[in-house]
Amino acid sequence: MLILRLLNVVAPAYFVSISLVTFVLQLFLFLPSMLEDPSATPLFSPALLHGGLFLFLSANALGNYILVIRTSPEDPGTCGNVAAGGAGPGAGRAEGARKPGAHFCRLCSRATLRHDHHCFFTGNCIGSRNMRNFIMFCLYTSLACLYSTVAGAAYISTVLSISFAHPLAFLTLLPHSISQFFSGAVLGSEMFVILMLYLWFGIGLACAGFCCHQLLLILRGQTRHQVRKGVIVRARPWRRNLQEVFGKRWLLGLLIPVLNVGSEYHQQKDK
Ligand SMILES: [Zn+2]
């Protein structure tokens, strides 16, 4: 339990550190190198397009990250308490934790309805209320990391005169640059960017894989918790499963980080 609590602190710190390093590299290294391009036109300069795209991806990733943290999954204890006419928070919570689909998370110290999993990077449980923001967080983190890999590779290609045209160039970059770093041909800052390329690429692929698996579970109407426990769910149309998580304002949620107020879950709550 102590290790899990430690992970609950270390993982968000790791995410914030990587985000800060990425921002610094993008704003102070990659963008200035693009401004030096003499062939660029002022209106559609690569620096302006690059800056706009990176800000869009990172604003969505960070915005959804904050929304996942701020929006806790519904507490069945609260519902149970209201239904019982105010029998006391402890009684309602204990009763709520026994409801089907509810799970008590020892790290968050609360039971949640339609519990999916506890996310260590956000330090919060993922459930019906914050699932859409969590999916968007994974998607935009993946895109921001993969985009940073491309921007970083373009920067390294310019400063070290390396071509990435060969399919194996990315794989052989690290061993070659390590030997060149120790011989003094590659600067410390350039070596740091090369290491970050692999980190961004790894995080980008991991987030994309996680996002795809999560979407597959949503289409099936399952939660990760149900899969782990071997719970068989009643088959429902995939459109309904999608609407339950993404709500009616799904297109707006794809473009900007907003709360999922149009989902079936919130409609049921309002009744
Ligand atoms: Zn939790």
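Where a number appears in this text, it was derived from the coordinates with a stated rule and is not lab data. Quantities reported herein were computed from a predicted structural model and do not represent experimental measurements. Positions of Cβ are generated from backbone atoms using ideal geometry, with glycine treated the same way; all protein chains shown enter the neighbour counts.
If neighbour count is taken as other Cβ atoms inside 10 Å, put TRP250, TRP238 in order from fewest to most.
Fewest-to-most Cβ neighbours within 10 Å comes out as TRP238, TRP250.
For the peptides 203-215, 166-178, 136-148, what is the packing order when you average, over each peptide's residues, the other Cβ atoms within 10 Å and list the highest mean first? Please report the intermediate quantities before stating the final value.
Working: 203-215: 16.7, 166-178: 12.7, 136-148: 24.0.
Output ranking for 203-215, 166-178, 136-148: 136-148, 203-215, 166-178.
If a paramagnetic tag sat 7 Å from the Cα of THR172 along the Cα-Cβ line, which residues of segment 196-210 would have the backbone N under 19 Å from that point?
Taking a point 7 Å out along Cα→Cβ of THR172, the residues of segment 196-210 whose backbone N falls under 19 Å are 198.
Evaluate the distance, in nm, between pseudo-label points positioned 7 Å from the Cα of PHE181 and of VAL150 along their respective Cα→Cβ axes.
Simple spin-label model gives 2.6 nm for this pair.
Ordered by residue, what ³J(HN,Hα) values in Hz, to whole numbers, does segment 173-190 give under the Karplus form 6.51 cos²θ - 1.76 cosθ + 1.60, where θ = phi - 60° and Gly and Pro are x?
4, 5, x, 5, 6, 5, 5, 6, 5, 6, 8, x, 7, 10, 6, x, 5, 5
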